[in-house]
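Peer 1: Handing you a structure now.
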Amino acid sequence: MAKDSIQPRRLPKDYKSEVKPTWCPGCGDFGVLASLYQALAQLQLDPTKTVVVSGIGCSSRLPFFVETYGFQTAHGRVLPVATGIKIANPELTVIAVGGDGDGFSIGGGHLVHAVRRNPDLTYVVMDNEVYGLTKGQTSPTSPLGFKTKSTPFGSADAPINPMAWALASGVSFAARGFSGDPKQLAELIVEGIQHPGFAFIQTMSPCPTFYNTFDLWRARIEDLPPDHDPTDRMQALAQAFRDDAIPVGVFYREVRPTLESHTRVSAHPLKKNGPEFDVRSLLETYR
Ligand SMILES: Cc1ncc(C[n+]2csc(CCOP(=O)(O)OP(=O)(O)O)c2C)c(N)n1
Ligand code: SF4
């Protein structure tokens, strides 16, 4: 092999783009970004075959800071677009990212259907229990009674439980991490990317500007019990409903057919047909 054709081992820093993160100092999303760089380097993913897709929010700025292909969609629409990318070219590694508002409020309907379709992509939700970008309104994971400018008397809505929701919808991989522990989070992202199917990774990622939960969460976060069986969905659900602690680790995993493995579009990846491809010939295959 010619000497100059050998690709040197990529380091986490090699996945940094020229765009510097614009998050507030101390934002939890820095830890998630650091974990993603680590995970990409650990897997030696080719930046030209990797796509990071997001919705809208502070957390959804993340694709700008990663030296891969990237796409920022509309608020709440990360999963349909990520699924479409994966179907159009199954050879790509697709990583979807966003916030709890993006993923569980306006995009909530998409989560359930992405989970049951099981496309082979990884979805990292940076859950800060608040809307950061729009300056601190309640999100679907905000606690009952949470006082904000838009809820001066306290939120009247009980929070959803994203982990239980994903598990009950039939997710094939579910994990939870904490941006205050980027090393563990990187391992979870690696496992999620390696999982052949939809990997849901809830990341507790505090917003110190509008709802500072760093110390509160750090005191409550603990690893899943050593005897936790990640092949047992009911055990995973029991862990998801715990209110004495915030367990982190791999809650559940199973291998089942992916969306790409049984859709007709995957037999006709758009990429393989070249730039002059006439989409009418693809539509003919649906007759
Ligand atoms: C269709 C639409 N509705 C509302 C908004 C306004 N908006 C932008 S980001 C956001 C919520 C952000 O919260 P979250 O997704 O939790 O991300 P964070 O900023 O906390 O990371 C909202 C309501 C929008 N951009 N588009
Ligand atoms: S407002 Fe909150 S979520 Fe947004 S960048 Fe600042 S600390 Fe992070």
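For (1) free of Cβ contacts under 8 Å to residues at least 60 places away in the same chain; (2) within 16 Å of ligand 1 (Cβ to nearest atom), each residue gets a yes or a no:
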{"site": "169", "(1), (2)": "yes, no"}
{"site": "184", "(1), (2)": "no, no"}
{"site": "202", "(1), (2)": "no, yes"}
{"site": "207", "(1), (2)": "no, yes"}
{"site": "210", "(1), (2)": "no, yes"}
{"site": "213", "(1), (2)": "no, yes"}
{"site": "217", "(1), (2)": "yes, yes"}
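Peer 1: A further question follows. Under 8 Å by Cβ, and 6 or more places apart or on different chains, what pairs join a residue from region 20-37 that is under 11 Å from residue 183 (Cα atoms) with one that is assigned to a loop (DSSP other than H, G, I, E, B)?
Peer 2: 31/179; 31/180; 31/181; 31/205; 32/179; 32/205; 35/179
Peer 1: So, of the residues in region 51-82 that are farther than 21 Å from residue 40 by Cβ and not hydrophobic (A, V, I, L, M, F, W, C), which turns out to be farthest from ligand 1 (Cβ to nearest atom)?
Peer 2: 80
Peer 1: Still on this structure: Kindly establish whether residue 55 is under 30 Å from residue 135 (Cβ atoms) and crowded, with 23+ Cβ neighbours inside 10 Å.
Peer 2: In short, yes.
Peer 1: For residue 88, indicate whether it is at pLDDT 95 or above and away from ligand 2 (no atom under 16 Å from the Cβ).
Peer 2: On the way: at pLDDT 95 or above: no; away from ligand 2 (no atom under 16 Å from the Cβ): yes.
No, not satisfied.
Peer 1: Here is a list: 53, 97, 112. Which entry is in contact (Cβ under 8 Å) with a residue 12 or more places away in the chain and within 16 Å of ligand 2 (Cβ to nearest atom)? Walk me through it before giving the result.
Peer 2: On the way: 53 fails: within 16 Å of ligand 2 (Cβ to nearest atom); 112 fails: within 16 Å of ligand 2 (Cβ to nearest atom).
Just one listed residue meets the conditions, 97.
Peer 1: Here's another thing I want to ask about it. Restricting region 113-134 to residues that are within 16 Å of ligand 1 (Cβ to nearest atom) and part of a loop (DSSP other than H, G, I, E, B), which is nearest to the chain's Cα centre (by Cα)?
Peer 2: Only one residue fits best here, namely 128.
Peer 1: Can you tell me which residue in region 244-265 is surrounded by the most Cβ atoms within 10 Å (Cβ to Cβ), limited to those that are among the acidic types (Asp, Glu) and at pLDDT 95 or above?
Peer 2: As a first pass, look at region 244-265 and keep what is among the acidic types (Asp, Glu): 244, 254, 260.
Remaining after also requiring at pLDDT 95 or above: 244, 254.
Details: 244: 7, 254: 14.
In this case the residue turns out to be 254.
Peer 1: Something else: Restrict the check to region 19-37 and report whether at least one residue is on the phi > 0 side of the Ramachandran plot and within 16 Å of ligand 2 (Cβ to nearest atom).
Peer 2: yes
Peer 1: Please give the number of the condition residue 34 fails out of (1) at pLDDT 95 or above; (2) more than 22 Å from the chain's Cα centre (by Cα); (3) part of a helix (DSSP H, G or I).
Peer 2: Checking residue 34 against (1) at pLDDT 95 or above; (2) more than 22 Å from the chain's Cα centre (by Cα); (3) part of a helix (DSSP H, G or I), the one that fails is (2).
Peer 1: Now, a different point. Name the residue that is modelled with the lowest pLDDT, counting only residues in region 135-153 that are loosely packed, with under 14 Cβ neighbours inside 10 Å and within 13 Å of ligand 1 (Cβ to nearest atom).
Peer 2: 150
Peer 1: Still on this structure, I have one more. Does residue 65 qualify as being aromatic (Phe, Trp, Tyr), within 16 Å of ligand 2 (Cβ to nearest atom) and in contact with a helix residue (DSSP H, G or I) (Cβ under 7 Å, 6 or more places away or on another chain)?
Peer 2: Yes; evaluated as a whole, the condition is true for this residue.
Peer 1: Being under 18 Å from the mean Cα position of the chain (by Cα) and surrounded by fewer than 21 Cβ atoms within 10 Å (Cβ to Cβ) narrows it down to one residue among 70, 28, 101; which is it?
Peer 2: Step by step, each of 70, 28, 101 is checked, and only 70 is under 18 Å from the mean Cα position of the chain (by Cα) and surrounded by fewer than 21 Cβ atoms within 10 Å (Cβ to Cβ).
Peer 1: Same structure again: Could you name every one of the strands (runs of 3 or more DSSP E) located completely within region 37-108 that has at least 2 residues being of a type outside the set (Val, Ile, Thr)?
Peer 2: Per the criteria, 69-72, 93-99.
Peer 1: Just to be sure before I move on: is residue 142 over 17 Å from residue 243 (Cα atoms) and of a type in the set (Ser, Thr, Tyr) in the structure I sent?
Peer 2: When the stated conditions are applied, residue 142 does not pass them.
The values are calculated or read from the model by the stated rules, or taken from the named source; none is laboratory data. Just so you know, these numbers come straight off a predicted model, no measurement behind them. All Cβ positions, even for glycine, are placed from backbone atoms using ideal geometry, and neighbour counts span all protein chains on display.
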